[in-house]
1. Working with all protein chains in place, sort His87, His75 by solvent-accessible area computed with a 1.4 Å probe, largest first.
2. Projected area of the range 1-111, taken from the Cα convex hull and averaged over every viewing direction, in nm²?
3. What is the sum of charges, Lys and Arg at +1 and Asp and Glu at -1, for the other residues whose Cβ falls under 10 Å from the Cβ of Asp15?
4. If you roll a 1.4 angstrom probe over the protein chains with everything in place, what fraction of the accessible area of the range 12-112 belongs to carbon and sulfur, to the nearest %?
Amino acid sequence: ATSALVVAAATLAADGYDRVRRSDFYGRLAALSYLGDVRMTMGAEPPQKLASLATAASLPQYDELYTATTFRAAHLTLRGEFVELGHAYAATTAADVALLASLLPREIRRRAADHASNAVATINYGHHVRAAVVDVTRWSSRWQSAKGVITAGVGGAARYAWSKWTRARAATFAASAK
């Protein structure tokens, strides 16, 4: 649980946040598995789906799963309706990057280091973390899509993909009409 909080916080820090509402934090947390998901990038899932993952109604379930102790272990502070990111998330020094990296899951840490080796590692380390998550989810979503083609056959998979895409477009159109 701590690892997921760290990854969500690192990606928020990469976007320039040092404090966010709990609902926005949980929304980012829930959206992590969709970073790099080919179904999202191809428009097979409506963008509104992410907004529905962390609503006011679901906050108590998130709070039950992610306790104040879990937040402290991730160097995060809960202050009322807000989550404050610890100084390590700014990743402005090598020590900050080392602390942040030590809190990450092994595979994300390895991939973030690969991305950072091509740039200055202490400049917005959260971008490297996000790129690492995209790498992991992209592979998983492609594999899941390939399994669908194998299971349903090319024709069945194409019909399913088309129906998902048209539903996603309809949901996007309906949301923009509001």
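1. His87, His75
2. Taking the Cα atoms of the range 1-111, their convex hull projects to 7.2 nm² on average.
3. With Lys, Arg at +1 and Asp, Glu at -1, the net is +2.
4. 57
The values are calculated or read from the model by the stated rules, or taken from the named source; none is laboratory data. These figures come from a predicted structure and were not determined experimentally. Counting neighbours? That spans all protein chains shown, and the Cβs are built from the backbone with ideal geometry, glycine included. These area figures cover heavy atoms from the full protein model, side chains too; ligands, DNA and RNA do not enter into them. Shrake-Rupley method; radii C 1.70, N 1.55, O 1.52, S 1.80 Å.
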